[in-house]
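In what follows, a single structure is set out as structure tokens and then discussed.
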Ligand SMILES: NC(=O)c1ccc[n+]([C@@H]2O[C@H](COP(=O)([O-])OP(=O)(O)OC[C@H]3O[C@@H](n4cnc5c(N)ncnc54)[C@H](OP(=O)(O)O)[C@@H]3O)[C@@H](O)[C@H]2O)c1
């Protein structure tokens, strides 16, 4: 059975996956790049980077994935829906290399990019979006790529099988939090934590077999 997976979702100690306000100049708001410095230092991101624990976790992001689902606020800054030429942050060859479903209340025609990424824009429930992504994934797993709101909604709907969060030792105080409304979510998962010498903590949530979706 293909799995629905979250990888490399970086959160502050107080649970924020992005700061505020989000803008074209500051996609993560006042968080800047601090949530992802651990990842930028790895070989996953940069060929001259580290190859230790952080890299091993980061690399899992790409293996066995046949499609991604992301939210409108990951795809672009506020107001991107008003720009008919907006194609995402990532240039002509985005790093997804698979069908990528963008959840938005203002869908537009699909956009075929270089390197195997096609953006499909969907106004749909999480379950409907996942069904479309699973079909497009050709038997491989589906990654829920974020941001916080979309991950939270998919966890709330009981659709996430495996989730890798990276807790970064910063306190953001404001932004968009992953955990709001998910009281007791830990009960559905076997959870492991491992601290990296870099200072981040990798948390893996694996859905308990009895409650696999
Ligand atoms: N920390 C990390 O590792 C990480 C990872 C990925 C992204 N991010 C960051 O997280 C931020 C984005 O997160 P976010 O929580 O603000 O937003 P998000 O999850 O990216 O997107 C939420 C938006 O998507 C649309 N949407 C969500 N569900 C929908 C549905 N079922 N049907 C139709 N539309 C739906 C809505 O936008 P509309 O109503 O406007 O259409 C909603 O406001 C960005 O700053 C991004 O860079 C962080």
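Read the figures in this text as sums done on the coordinates, not as results from a lab. The structure displayed is predicted, hence computed values, not measured ones. Positions of Cβ are backbone-derived with ideal geometry, glycine not excepted, and every protein chain shown enters the neighbour counts.
Subtracting the Cα-Cα distance of residue 128 and residue 110 from their residue separation scaled by 0.36 nm leaves 4.8 nm. Scaled to the globular estimate 2.2 N^0.38 Å, the Cα spread of region 81-120, given as radius of gyration, is 1.09. Label positions at residue 53 and residue 92, each projected 7 Å from the Cα along the C-beta direction, are separated by 4.2 nm. Calculated on the Cα set of the chain, radius of gyration then Dmax: 16.4, 46 Å.
Determine the gain in length on full extension of the stretch residue 83-residue 180; use 0.36 nm per residue of separation and subtract their C-alpha separation, reporting nm with one decimal.
Working: separation 97, 0.36 × 97 = 34.92 nm, distance 3.10 nm.
Gain on extension, residue 83 to residue 180, equals 31.8 nm.
The Cα atoms of region 1-77 give a gyration tensor whose axes a ≥ b ≥ c have a/c of 1.5 or more with a/b no greater than b/c, which makes the shape oblate. Residues 1, 53, arranged from fewest to most other Cβ atoms within 10 angstrom of their Cβ, appear as 1, 53.
Cα centroids of region 56-78 and region 140-176: 11 Å apart. Note on the chain: GNM, Cα springs under 10 Å; of 71, 15, 49, the largest mean-square fluctuation is that of 49. The listed peptides 122-129, 32-39, 142-149, ordered by packing as a protection proxy, come out as 142-149, 32-39, 122-129 (highest mean of other Cβ atoms within 10 Å first). On the principal axes of its alpha-carbon atoms, region 39-132 has extents of 41, 28, 23 Å, going from largest to smallest. Approximating the spin labels as points 7 Å out from Cα along Cα→Cβ, the residue 1-to-residue 24 distance works out to 4.5 nm. Across region 4-211, Cα pairs under 8 Å and at least six residues apart give a relative contact order of 29 percent. For residue 135 and residue 193, the difference between the fully extended length at 0.36 nm per residue and the C-alpha to C-alpha distance is 17.7 nm.
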